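One structure below.
All of the numbers you see were taken from the coordinates with simple rules; none came from a lab. On a predicted model such as this, the values are computed, not experimentally measured, just so you know. No Cβ is skipped: glycine too gets one built from the backbone with ideal geometry, and neighbour counts run over all protein chains shown.
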Amino acid sequence: MLKPILKSLLLSLIAATIIISGAGAQDIKLPDLGSPADAIISANEEARFGRAIMRDIRASGVVVEDPLVTEYINEIGNKVAAQTNEGDHDFTFFVVDDHRINAFALPGGFIGVHTGLLEATRSEDELAGVLAHEVAHVTQRHIARSIHASSRQSLLSTAMMLGALIAGAAGGGSDVIQAGMAVAQGTAAQAQINFTRANEHEADRVGIAALADAGFDPYGMASFFDVMSRQDTRAPDERAPAFLRTHPVTTARIAEARDRARNYDQIRSEDSISYNISKIRMIVERLETSKEAVAYFERRPYQNQNEYERYGRLLAYMRDGSYFQALDIIENLMERNPKVIAYHIALGNLQVHLRRYDDAMKTFEDAIALFPRNVPLVIAFGERLLELDQPERAHALLLDLLNNVPPTPDQVRLIARAASEAGQGAESLYYLSEYRFMIGDLIGGITYLQQALRLPELQEIQRIRFEARIDFIREFMTEEQLRRMQRGRSGLAAKNSV
């Protein structure tokens, strides 16, 4: 556990960040579009800062690594972002395993959604409304503009201090506190902007326009605000919805959001299958034991449940090891709706659990033919192939996906494992280096490439590729990073000479 003094310092620093960012918020005026905000923090610096925070958040283990949920949140997020982003920002949407109702935007286009918020939304329009609001914070560069407007606190220095403390806390062996502080680091970045009334209203205005242009109900944002405003804010602060603390909602603000929505044609949209499946998957994971999960989905008779409740019951049975009960459900779901990728994945996984390996291979192969290069499907098939001691086939499958679809960090880490088990050590180290680059660890990525260059079985074409990659990455490193890397090489050389 952390020493009490260090723990107190962590909590005090986070509290100070939030208090300072909120102080005098109503008096802060946004600079004109031609303001010197770029002189405070450039777009490139924002991106680098965001990657640094994301590295800590991912390292804490709180990011939900569910390919189906990750694909969905990025699909809906980018659909909204496409309406307000003019190509100046690359967005990455991710889900944080946290039951509190909240969402936050980080510098560089990283947008996090708590599992609690996903569950709390009543429709896909409401979820899209929250994402549209966070996207607007990024595209309107509220972080840089708020840093420029504030004379009392530097967001960069505060977040970097938090990052250093998180790194120190990791050595103390407290994973829970490390995870909490990493999320707090992201929330602190959001807190610098969300108590400025002008920024919040501008995010509402831009977000509602994007929401309507993306084909969602423009009332979705106001609808979710209304849901949150009805929460019992008189309860103790730790029980109040986090969304209300980081996105203050007033009656006037809800009314204004509704007035803005009236300027757009009314849109009748239906919740997508992926929205319902993502919510169900989060509910199953939230329940602490498999028995609780089964009890939750057995509260209503099977015949009275809708398709997604039955899918939840299926997942609960699989988690509990009740595979034959799960088999009856998945066969029924597949017969009713064979176009749902999640059902194919569930059937293939279930057949592996039942040791029906030939049937499982056929299920995955048929699904790949129907949905070529679908990321969650390929990852699930690759994982099963590794379980069945077929790493060469898994590597080939995952490499095809990597060469044709922008990969997720989880996907790159999996292909590194497949290459390693297939006896391709150099390629495995190369993939691990790409994983480190993707999460913002440039020094760590180059270290893996340097390890690969020292392998005796390395081929000349690999050497050329790895060295070129190192030279390319160095162009994006800071002077401090280059010095640290040089010190690391000097230390290694000294050690080897002893």
Calculate, in nm to one decimal, what residue 323 and residue 205 gain on full extension: separation in residues at 0.36 nm each, minus their alpha carbon distance. 37.6 nm
First measure r as the distance between the Cβ atoms of residue 356 and residue 270, then evaluate 1/(1 + (r/R0)^6) with R0 = 30 Å and state the FRET efficiency to the nearest 0.05. 0.25
The residues 460, 365, sorted from fewest to most surrounding Cβ atoms within 10 Å, come out as 460, 365
Which entries in the list 79/362; 291/339; 339/362 go over 27 Å, if you measure between the two C-alpha atoms of each? 79/362; 291/339
If I model a spin label at residue 300 and residue 484 as a point 7 Å from the Cα along the Cα→Cβ vector, what separation in nanometres do I get? 5.1
Give the order of 296, 430, 302 when sorted by the count of other beta carbons within 10 angstrom, beginning with the fewest. 302, 296, 430
Stretch gain in nm, segment residue 404-residue 336, where the contour uses 0.36 nm per residue and the Cα spacing is subtracted: 21.4 nm
Stretch gain in nm, segment residue 256-residue 373, where the contour uses 0.36 nm per residue and the Cα spacing is subtracted: 37.8 nm
